[in-house]
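S.K.: Following this message is one structure expressed as structure tokens.
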Amino acid sequence: MSFAWHSQYPLSAQKPYFIKDHFQGGRPPADQRPVTFFFNGGPGEPSIWLHLGSWAPKYLQVNAPNLPDGPDIPDSFPLADNPQTLLDQTDMVFVDIVGSGFSEAIKPHKNKDWWNTDSDAKIFSDFITAYINCYKRQSSPKYLYGESYSGIRTPIVADLLVKAGTSRYEPDPSGKPAIVLSGFTLQSPALDYNSGGNDLPTFGLTADYYGKGAARGIMSETDYANYLRDFTTKQYKPVVDDNSTPASDEFKITLGSITGVPLLKIESFLNSMKDDFVRFFFGTAFPFKALFGKTLYPYSSHVSFNDYDLRMSKGIELNYSINSYENAGFYGAIKPYLLEQFNYQNLDATQLYGTDVAFYSWTHNHNGDRGDTSVPDLVEALTLSPELRVMVVHGYHDDICTFFQSEIDLADGGALPLFANRISVKDYDGGHMSYTDTKSHIAMSLDLHDFYQGPKATASLTTPSAAVR
């Protein structure tokens, strides 16, 4: 297996991207070899997390949810050959957005010119089309893989690609029919900025992980997750959403057994859940962590949980934010990795590999709505492209983008159950980057292999769809 060339490939003076490609030597003809485009979230994060943590030929062995002893941040993780790489299934293209990683706008343009939802999605779709034309991949099956905020970005990009059809493709030298898009994977996606957290199932599975919840009994983890979904929908939400609905003693006992919050404090937990100020400004994890943390670390005044993976907690004062414990290890690895794997070193050796600087300057403006949602785009893409398939993956213990909220968003947006035969929803132990959990990494790779081996798209629209004429 050979792989990798680095290509700093500007689409134009206005759209410079930094990309990293992994491809398999001796691969079959283009029409038999998929290509997948990966992008991270934020909005504004570079592709470093997916590139170094998930499916490339080499990866950092994070071994979540383990944290180092002591108060200091881990400064490195082992870099190893990746037994779960997807290179046997697809070529991989990891893309940094403008103003992130090593991508920079070219004067007179500024990075922030593209820091809004619709411009961002448009240049991603432009980049994919330009890449396909440059490397003669018109007939290749094509996939997208987006994480976190890319739950907004990816369906919008997919819809743009589907509606454009093959109208922007150059002729394929092989003469084989072009394929626009075969499918996309959403890793821990944010799908609707207007929806709530719906994180009680996440709290219940977290309490069970720590051995403090008593409600699971002999249920399997999958069955228990279903029980928590049902309890949340039928009992918990009516009480929390309507202050006039009284909470029975039986309900309080059940809620306490789910969350691990002592019965004497469950009323305080419920009142916090009903407090709109707390829910809006602090998030519903705030009262859970405050009360549950005292159960876990009764003698500590310094308790911290990682919102991206609630299985990670510490009862000591830390010299770093537990939410970003991977940062030093990933950012310390990227430059040596690029030099070793791609023989690339940027001209300015002092340039930092930029991070999520766009987040605080981002304009959420999809279709003129400041509360972005991508579910309508997902539905439209699936409607216009009958062979398009979607895979949604979540970590049970992620409190940033909770697994149950995605299911609700897909249902409320009309995607489920309408497209249940084309949308696969998978949950695993782990957090936001569930692939950093070794066991889940293996399970996810098997499911992704099945996804790539599923029904293949054939010929695609040759002109823009009627919906956009």
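S.K.: Residues of segment 209-227 being free of Cβ contacts under 8 Å to residues at least 40 places away in the same chain and charged (D, E, K, R), which ones?
M.R.: Arg216, Asp223
S.K.: Give the number of residues within segment 419-444 that are among the charged types (D, E, K, R), within 16 Å of the chain's Cα centre (by Cα) and not in a strand (DSSP E or B).
M.R.: The qualifying residues number 2.
S.K.: Go through (1) among the hydroxyl-bearing types (Ser, Thr, Tyr); (2) free of Cβ contacts under 8 Å to residues at least 40 places away in the same chain; (3) closer than 21 Å to Asn306 by Cα for Tyr149 and report which single condition fails.
M.R.: (2)
S.K.: Follow-up. Quick one: which of Glu387, Glu407 is in a loop (DSSP other than H, G, I, E, B), more than 13 Å from the chain's Cα centre (by Cα) and touching a residue at least 60 places away in the same chain (Cβ under 8 Å)?
M.R.: Glu387
S.K.: Okay, moving on. Can you pull out every residue in segment 321-339 that is polar (S, T, N, Q) and outside any helix (DSSP H, G or I)?
M.R.: Ser321
S.K.: Answer yes or no as to whether Thr206 is touching a His at 6+ places or on another chain (Cβ under 6 Å), farther than 30 Å from Asp91 by Cα and either of a type outside the set (Gly, Ala, Ser) or touching a residue at least 60 places away in the same chain (Cβ under 8 Å) (or both).
M.R.: The answer is yes for Thr206.
S.K.: Let me ask something else. Assess whether Ser100 counts as being touching a Pro at 6+ places or on another chain (Cβ under 7 Å) and either hydroxyl-bearing (Ser, Thr, Tyr) or more than 30 Å from Lys314 (Cα to Cα) (or both).
M.R.: Considered against the rule, which asks whether it is touching a Pro at 6+ places or on another chain (Cβ under 7 Å) and either hydroxyl-bearing (Ser, Thr, Tyr) or more than 30 Å from Lys314 (Cα to Cα) (or both), Ser100 comes out as yes.
S.K.: Failed condition for Asp126, given (1) touching a residue at least 60 places away in the same chain (Cβ under 8 Å); (2) in a loop (DSSP other than H, G, I, E, B), with all others met?
M.R.: Of the numbered conditions (1) touching a residue at least 60 places away in the same chain (Cβ under 8 Å); (2) in a loop (DSSP other than H, G, I, E, B), the odd one out for Asp126 is (2).
S.K.: Check every one of the helices (runs of 4 or more DSSP H) wholly within segment 168-257 and list those with 1 or more residues that are within 29 Å of Ser150 (Cα to Cα) and in contact with a Leu (Cβ under 6 Å, 6 or more places away or on another chain).
M.R.: 200-209
S.K.: Follow-up. Ile19 is checked against (1) outside any loop (DSSP other than H, G, I, E, B); (2) at pLDDT 90 or above; (3) within 20 Å of the chain's Cα centre (by Cα) and fails just one. What number does that condition carry?
M.R.: Of the numbered conditions (1) outside any loop (DSSP other than H, G, I, E, B); (2) at pLDDT 90 or above; (3) within 20 Å of the chain's Cα centre (by Cα), the odd one out for Ile19 is (2).
S.K.: Moving on to the next point. For Ala247, only one of the following conditions fails: (1) among the small types (Gly, Ala, Ser); (2) under 33 Å from the mean Cα position of the chain (by Cα); (3) at pLDDT below 90. What is its number?
M.R.: (2)
S.K.: Considering only segment 294-302, I want to know if a residue exists there that is in contact with a helix residue (DSSP H, G or I) (Cβ under 7 Å, 6 or more places away or on another chain) and either surrounded by 15 or more Cβ atoms within 10 Å (Cβ to Cβ) or modelled with pLDDT under 95 (or both).
M.R.: No, segment 294-302 contains no residue that is in contact with a helix residue (DSSP H, G or I) (Cβ under 7 Å, 6 or more places away or on another chain) and either surrounded by 15 or more Cβ atoms within 10 Å (Cβ to Cβ) or modelled with pLDDT under 95 (or both).
S.K.: Which strands (runs of 3 or more DSSP E) does segment 24-120 wholly contain that include 1 or more residues that are surrounded by 22 or more Cβ atoms within 10 Å (Cβ to Cβ)?
M.R.: The strands (runs of 3 or more DSSP E) meeting that bar are 35-39, 58-60, 91-96.
S.K.: Looking only at residues that are out of contact with any helix residue (DSSP H, G or I) (no Cβ under 9 Å at 6 or more places or on another chain) and in a helix (DSSP H, G or I) in segment 265-288, which one is modelled with the highest pLDDT?
M.R.: Looking at the filtered set, the residue picked out is Asp276.
S.K.: Have a look at Leu416, Leu338 and point out the one that is over 17 Å from the mean Cα position of the chain (by Cα), in the same structural domain as Ile97 (by TED's automatic domain parsing) and touching a residue at least 12 places away in the same chain (Cβ under 8 Å).
M.R.: Answer to the selection: Leu338.
S.K.: Do we have any residue at all in segment 228-236 that's in contact (Cβ under 8 Å) with a residue 24 or more places away in the chain, in contact with a Gly (Cβ under 6 Å, 6 or more places away or on another chain) and not basic (Lys, Arg)?
M.R.: Scanning segment 228-236, I find at least one residue that is in contact (Cβ under 8 Å) with a residue 24 or more places away in the chain, in contact with a Gly (Cβ under 6 Å, 6 or more places away or on another chain) and not basic (Lys, Arg), so the answer is yes.
S.K.: Yes or no: segment 178-192 includes at least one residue that is farther than 30 Å from Gln405 by Cα, assigned by TED's automatic domain parsing to the domain that holds Asp450 and touching a strand residue (DSSP E or B) at 6+ places or on another chain (Cβ under 9 Å).
M.R.: yes
The values are calculated or read from the model by the stated rules, or taken from the named source; none is laboratory data. Since we're looking at a predicted model, the values are computed, not measured. A quick note on method: Cβ atoms are made from the backbone with ideal geometry, for glycine too, and the neighbour counts reach across all protein chains shown.
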